[in-house]
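Have a look at the structure below, then the notes.
Please treat every number below as a calculation from the coordinates, not as lab data. Nothing here was measured: the structure is a model prediction, and the numbers come from that model. We place every Cβ from the backbone using ideal geometry, glycine too, and count neighbours over all the protein chains shown.
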Amino acid sequence: MSKPIDFTQLAAPGVRGLSPYQPGKPVTELQRELGLSRIVKLASNENPLGPSPLAQAALQNAAPDLAEYPDGNGHALKQAIAALHGVEMNQVTLGNGSNDILELLARTFLTPEHTAVFSEHAFAVYPLATQAAGGQMRVAKAKHYGHDLDAMLALVDEKTRLVFIANPNNPTGHWLSQQEIAKFLAAVPKTTLVVIDEAYFEYVDEPDYPDATEWLNDYPNVVVTRTFSKIYGLAALRIGYGLSSAPVADLLNRVRQPFNCNAYAQAAAVAALADAEHVQHSRQVNQQGLLQWQQALDDLQLNWLPSVGNFIAFDVDQAEQPVFDALLREGVIMRSIGNYGMPGFIRVTVGSEEQNAFAIAALGRVLKR
Ligand SMILES: *Cc1c(COP(=O)(O)O)cnc(C)c1O
């Protein structure tokens with residue numbers, strides 16, 4: 001009998017060392033396992049209000065011919081995005097989620113000779129995309145769990161093609177000010193693309209939190225990513241976008257799958273952009289929910305990291321996995337983030353007031369506090 005083939009040895013070197021992205025546990029999975037009557041999922045930073053009614057109506061009314069490919073150029077959505085940001089349509093790249101844009105960037109610009117720089121405790125997709133594309137990783141130490149831009153700059157050299165900055169960062173909720181990023185951009189070589197991931201942009205209300213799209217004119221090496229998965233409440237449809245200089249968008253467009261964004265996602269996203277009120281309301285609900293969680297975590301005498309996103313990370317002061325598992329048995333799905341180099345930490349998404357109360361009560365029971 002011949003020896004079984006070791007396909008791992010056949011995989012590209014970067015892929016061999018990868019561990020897959022760990023998604024939040026789906027409600028249906030926990031229901032199957034435990035048969036609980038009530039399950040609250042606060043694991044994936046989804047909007048508890050769901051999408052805008054306008055987006056829901058657009059989905060109902062969207063009657064694409066299912067046999068036909070979607071608009072591969074995403075004309076209507078690119079037009080709406082370009083108008084929103086005051087950029088040209090040829091600066092917009094649509095993605096199957098903004099993850100898709102991060103991956104396109106890695107595949108377009110990284111080779112085994114080139115590096116991507118990012119921070120420890122940053123979004124898990126940066127190392128995944130870098131390694132899968134065969135690039136080298138340079139991981140900067142964080143400062144108080146936040147990005148340390150000086151430490152990141154120190155890792156940038158002529159071989160650095162990409163820097164990933166999450167502002168705010170997931171899972172820490174930490175954010176960088178206008179001045180901090182401006183100083184970094186002025187110091188980075190023009191041949192290094194600086195990717196500013198603004199997945200939670202619409203949630204942030206701090207006065208000196210920057211809108212990175214304003215740097216696009218002065219810095220052709222800046223790429224900004226946004227998503228419809230978070231405040232717009234359309235995570236199921238997988239739609240996001242990148243804004244960049246036109247030459248960078250042209251390169252991403254060469255690598256992109258021809259029909260990476262489906263017809264329903266495009267229709268719903270166009271409608272979602274037209275509902276500023278829903279965004280505003282979602283932001284308000286989140287701000288109240290953040291206060292509710294901060295107060296509750298204080299009451300439980302747990303340390304938490306200040307967050308401007310729709311989630312908050314806290315230190316359970318013991319191994320996090322047993323706490324996470326005990327919460328599952330209470331019908332609450334959070335996210336343990338020990339695998340982000342943060343042992344003892346759990347991240348919870350800010351839900352509705354009532355979902356938060358349910359989860360807070362469960363946490364109190366589990367921790368016996
Ligand atoms: C959720 C998230 C994204 C994007 O998710 P998509 O659903 O692929 O758009 C990107 N960056 C960060 C930091 C996130 O938390």
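Its residue count N fixes a reference of 2.2 N^0.38 Å for the range 74-121, and the Cα radius of gyration divided by that reference is 1.46. D205 sits among other residues whose Cβ lies under 13 Å from its own Cβ, and their net charge, with Lys and Arg +1 and Asp and Glu -1, is -3.
Label zone (D150, point 7 Å along Cα-to-C-beta; backbone nitrogen cut-off 18 Å) within the range 177-218: 177-188.
Grouping the Cα pair distances of the range 146-195 into 5 Å bins from zero gives a pair-distance distribution of 5, 20, 33, 24, 14, 4, 0 percent in increasing distance order. Counted by Cβ distance under 15 Å from Q31, the other residues give a net charge of +2, where Lys and Arg count +1 and Asp and Glu count -1.
Once you charge only the Cβ atoms, +1 for Lys and Arg and -1 for Asp and Glu, what is the size of the charge dipole of the chain about its Cα centre, to the nearest 20 debye?
The dipole magnitude comes to about 980 debye.
Give the Kirkwood hydrodynamic radius (Å, one decimal) of the range 263-369, defined as one over the mean of 1/r across all pairs of different Cα atoms. Let's see the in-between values first.
Details: mean 1/r = 0.0668 Å⁻¹.
It is 15.0 Å.
Using 0.36 nm per residue and subtracting the Cα-Cα separation, the extra length available between Y21 and L300 on full extension is 97.4 nm. Normalising by residue count, the chain has a Cα convex hull of 173 Å³ per residue. Non-local lysine pairs in the chain, meaning eight or more places apart or on different chains, with alpha-carbon distances under 27 Å, amount to 16. Separation of the range 71-115 and the range 1-31, taken as the distance between their Cα centroids, equals 27 angstrom. For the chain, a Gaussian network of Cα nodes joined below 10 Å ranks Q266, Q131, Q22 by mean-square fluctuation, and the top entry is Q22.
Summing +1 for each Lys or Arg and -1 for each Asp or Glu, what net charge is found among the other residues whose Cβ lies under 13 Å from the Cβ of T191?
On the way: positive: K159, R161, K190; negative: D157, E158.
It works out to a net charge of +1.
Each residue, A186 and N90, gets one label point 7 Å from its Cα in the Cβ direction; the gap between the two is 3.2 nm. The simple spin-label model puts a point 7 Å past each Cα toward its Cβ; for Q287 and E120 those points are separated by 3.5 nm. With the simple spin-label model, which puts each label point 7 Å out from Cα in the Cβ direction, the S37 to R254 separation comes to 6.1 nm.
Comparing S37, S229, S52 in a Gaussian network model of the chain, where Cα atoms under 10 Å apart are tied by springs, the biggest mean-square fluctuation is seen for S37. Sorting 89-95, 44-50, 72-78 by average packing, meaning the other beta carbons within 10 Å per residue, from highest down gives 89-95, 44-50, 72-78. Across the range 1-87 the C-alpha pair distances fall into 10 Å bins from zero in the proportions 11, 18, 23, 30, 15, 3, 0 percent. Residues S2, S282, S245, arranged from fewest to most other Cβ atoms within 10 angstrom of their Cβ, appear as S2, S245, S282.
At 0.36 nm per residue, minus the direct Cα-Cα distance, what do Q178 and F7 gain on full extension? Give it in nm, one decimal, please.
Fully extending the segment from Q178 to F7 adds 56.9 nm.
Each part reduced to its alpha carbon centroid, the range 152-170 and the range 205-247 end up 16 Å apart.
If each residue of separation counts as 0.36 nm, what is the full-extension length gain between A83 and N217 once their alpha-carbon separation is subtracted? Present the calculation step by step, with values, prior to reporting the outcome.
On the way: separation 134, 0.36 × 134 = 48.24 nm, distance 1.54 nm.
This chain segment gains 46.7 nm when fully extended.
For the range 119-220, a crude dipole built from +1 on the beta carbon of Lys and Arg and -1 on the beta carbon of Asp and Glu, taken about the Cα centre, is about 600 debye to the nearest 20. GNM on the chain, alpha-carbon springs under 10 angstrom: the most fluctuating residue among A142, A133, A154 is A154.
Sorted largest first, the spans of the alpha carbon positions of the range 172-330 along the three principal axes are 52, 41, 33 Å. A Cβ-based charge dipole, computed about the Cα centre of the range 284-369 with Lys and Arg at +1 and Asp and Glu at -1, lands at about 140 debye.
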